[in-house]
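Enquirer: Sharing a structure with you now.
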Amino acid sequence: MNQKKIVLGITGGVAAYKSAELTRLLVKAGYDVHVVMSEAATHFVGTVTFQALSGNIVYTDQWDARRPNNMPHIDLTRGAAAVIVAPASADFIAKVAHGQCDDLLSTLVAARDCPLMIAPAMNRQMWENPPNQRNIAQLKADGVSIFGPGNGEQACGEVGDGRMLEAQDIFDHLEAALQPKVLKGKRVLLTAGPTFERIDAVRGITNTSSGKMGYAIARAAYEAGAEVVLVSGETSLPTPIGARQIDVKSAQQMLTAVEAEVDACDIFIGVAAVADYYVLNPSEQKIKKDAHILTLELAPNPDILAGVSSRPNAPFCVGFAAESENLLEYAEAKRLRKKLPLLVANLVQNAFGADTNEVVLLDDHGETRLHSAPKIDIARKLVAHIARLYPNVKQD
Ligand code: C5P
């Protein structure tokens, strides 16, 4: 199986233009994309667009003689990781629900030996039409993944359910569906981003943290089948797919949110850059500047991670360590001090804000180095590592 081959089916709908962007996203992520269009789809966007974007021949016709064996409905899906149909029209959904095969795409779907995912797109009334709802229920019962539809303004001017999801959302759902479900049924609680400790009405103390690593781990945990709660300091990132996000500012607020959620979690991952101190008496008003030295009284913040790991029936706890020197030595000492089965040592100081990272995983068995890679790849490997260690540490 080539995990990187995807068949993208496109059926008739104005949302077909979004599939050009979806093709681009898939190709950029390294997928080998083979586009198959229904005849109706070609009235909305031309085959040339998809051929240019995918770099592969686009098929529309069951009787296309370009394949030597004349069986595109069989060999196009062989070796593919999935068939994704976006947009999926009401007519196409009805065909698949009834096993009808009257064009290349519906025949290819019936003959596939890989998962099928669809992103419906239609007018809100068509979406709610009882036969369509019955067909969708049938597809779900048959194990087809349904992405969306979204809600909002439609091309016809009406407002409601039926819009196709945006290309990026479909891409994220597809990637999630393809990941192994190593944390299925597990509940994961994470902290991410910086905390902000108020000095006065406009100033505060914070740490440098984009939140990217924590958000990538939240996404990877969801992709692995976990239920994910993300307690996040202020970042500029969108909520990761599948996560329930609780926004906080200060370490105290982060602690309160964690305490409210921790009993219901199996795995706790502290990725947040929690400020070590808070200001004892923050000023309600902006402190006026004058010629004198300003003294702030700082008190240590609670260690959220150490607090969680020392609870009776503690969840499986994972910590992070960023050090400017003696990284592995300090990190292992931190792991033992905070009683963590797993600690992630950040190898690169300039990982802050970057899209890549390089880390060493420290656990009772030793060190595992994860070489420089996009944060989502590091996050998926970390999740796989947690899934390997978890059963030995926790007995459900
Ligand atoms: O002690 P240090 O701050 O280096 O530890 C880093 C790890 O501990 C991270 O996983 C971080 O999220 C967590 N931590 C915490 N609460 C604090 C300080 C750190 O949860 N007050």
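Enquirer: Hey, can you tell me all the residues within the stretch 263-293 that are under 22 Å from the mean Cα position of the chain (by Cα) and within 12 Å of the ligand (Cβ to nearest atom)?
Expert: As a first pass, look at the stretch 263-293 and keep what is under 22 Å from the mean Cα position of the chain (by Cα): 264-273.
Across the stretch 263-293, the qualifying residues are 268, 269, 270, 271, 272, 273.
Enquirer: Given the conditions (1) more than 8 Å from the ligand (Cβ to nearest atom); (2) small (Gly, Ala, Ser); (3) surrounded by 14 or more Cβ atoms within 10 Å (Cβ to Cβ), report the number of the one that residue 319 does not fulfil.
Expert: That leaves (1) as the condition not met.
Residues are listed down the side, and each one gets a yes or a no for (1) hydrophobic (A, V, I, L, M, F, W, C); (2) crowded, with 22+ Cβ neighbours inside 10 Å; (3) part of a strand (DSSP E or B):
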{"position": "188", "(1), (2), (3)": "yes, yes, yes"}
{"position": "208", "(1), (2), (3)": "no, no, no"}
{"position": "221", "(1), (2), (3)": "yes, yes, no"}
{"position": "238", "(1), (2), (3)": "no, no, no"}
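Enquirer: Can I ask one more? Before we move on, is residue 306 in the same structural domain as residue 210 (by TED's automatic domain parsing), within 13 Å of the ligand (Cβ to nearest atom) and at pLDDT 95 or above?
Expert: Numbers: in the same structural domain as residue 210 (by TED's automatic domain parsing): yes; within 13 Å of the ligand (Cβ to nearest atom): yes; at pLDDT 95 or above: yes.
Answer is yes for this residue.
Enquirer: Out of 82, 86, 52, report the one residue that is surrounded by 21 or more Cβ atoms within 10 Å (Cβ to Cβ), small (Gly, Ala, Ser) and under 21 Å from residue 30 (Cα atoms). Can you show your working first?
Expert: Details: 82 fails: surrounded by 21 or more Cβ atoms within 10 Å (Cβ to Cβ); 52 fails: surrounded by 21 or more Cβ atoms within 10 Å (Cβ to Cβ).
Going through 82, 86, 52 in turn, the sole match is 86.
Enquirer: Right, next: I'd like to know if the stretch 172-180 contains one or more residues that are in a loop (DSSP other than H, G, I, E, B), buried (at least 22 other Cβ atoms within 10 Å of the Cβ) and not hydrophobic (A, V, I, L, M, F, W, C). Please lay out each step first, then the result.
Expert: The initial filter retains those residues of the stretch 172-180 that are in a loop (DSSP other than H, G, I, E, B), namely 179-180.
Next, only the ones that are buried (at least 22 other Cβ atoms within 10 Å of the Cβ) stay: none.
No, that holds for no residue.
Enquirer: Follow-up question, since we're still on this one. Any residue in the stretch 347-360 that is within 14 Å of the ligand (Cβ to nearest atom) and surrounded by 21 or more Cβ atoms within 10 Å (Cβ to Cβ)?
Expert: Within the stretch 347-360, one or more residues are within 14 Å of the ligand (Cβ to nearest atom) and surrounded by 21 or more Cβ atoms within 10 Å (Cβ to Cβ).
This table checks each residue for (1) outside the structural domain of residue 85 (by TED's automatic domain parsing); (2) of a type in the set (A, V, I, L, M, F, W, C); (3) over 16 Å from residue 89 (Cα atoms).
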{"position": "11", "(1), (2), (3)": "no, no, no"}
{"position": "18", "(1), (2), (3)": "no, no, no"}
{"position": "24", "(1), (2), (3)": "no, no, yes"}
{"position": "30", "(1), (2), (3)": "no, no, yes"}
{"position": "33", "(1), (2), (3)": "no, yes, yes"}
{"position": "38", "(1), (2), (3)": "no, no, no"}
{"position": "47", "(1), (2), (3)": "no, no, yes"}
{"position": "52", "(1), (2), (3)": "no, yes, yes"}
{"position": "68", "(1), (2), (3)": "no, no, yes"}
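Enquirer: Step by step: first the residues of the stretch 236-251, then only those that are β-branched (Val, Ile, Thr) and touching a helix residue (DSSP H, G or I) at 6+ places or on another chain (Cβ under 6 Å), then the one that is farthest from residue 216 (Cα to Cα). Which residue is that?
Expert: Kept after step one, since they are β-branched (Val, Ile, Thr), are these residues of the stretch 236-251: 239, 241, 246, 248.
From the residues that got through so far, the ones that are touching a helix residue (DSSP H, G or I) at 6+ places or on another chain (Cβ under 6 Å) too are 241, 246, 248.
Numbers: 241: 10, 246: 16, 248: 18 Å.
Restricting to residues being β-branched (Val, Ile, Thr) and touching a helix residue (DSSP H, G or I) at 6+ places or on another chain (Cβ under 6 Å), the top hit is 248.
Enquirer: Now for a separate question. Among the residues in the stretch 135-147, are any crowded, with 18+ Cβ neighbours inside 10 Å and modelled with pLDDT under 95?
Expert: If we filter the stretch 135-147 for residues that are crowded, with 18+ Cβ neighbours inside 10 Å, which is where we start, we get 135-136, 139, 144, 147.
Pick out the ones that are also modelled with pLDDT under 95 and you get none.
No, the conditions are met nowhere in the stretch 135-147.
The values are calculated or read from the model by the stated rules, or taken from the named source; none is laboratory data. Every value quoted in this text rests on a predicted model; they were computed, and no experiment measured them. Every residue, glycine among them, receives a Cβ derived from its backbone with ideal geometry; neighbour counts consider all protein chains shown.
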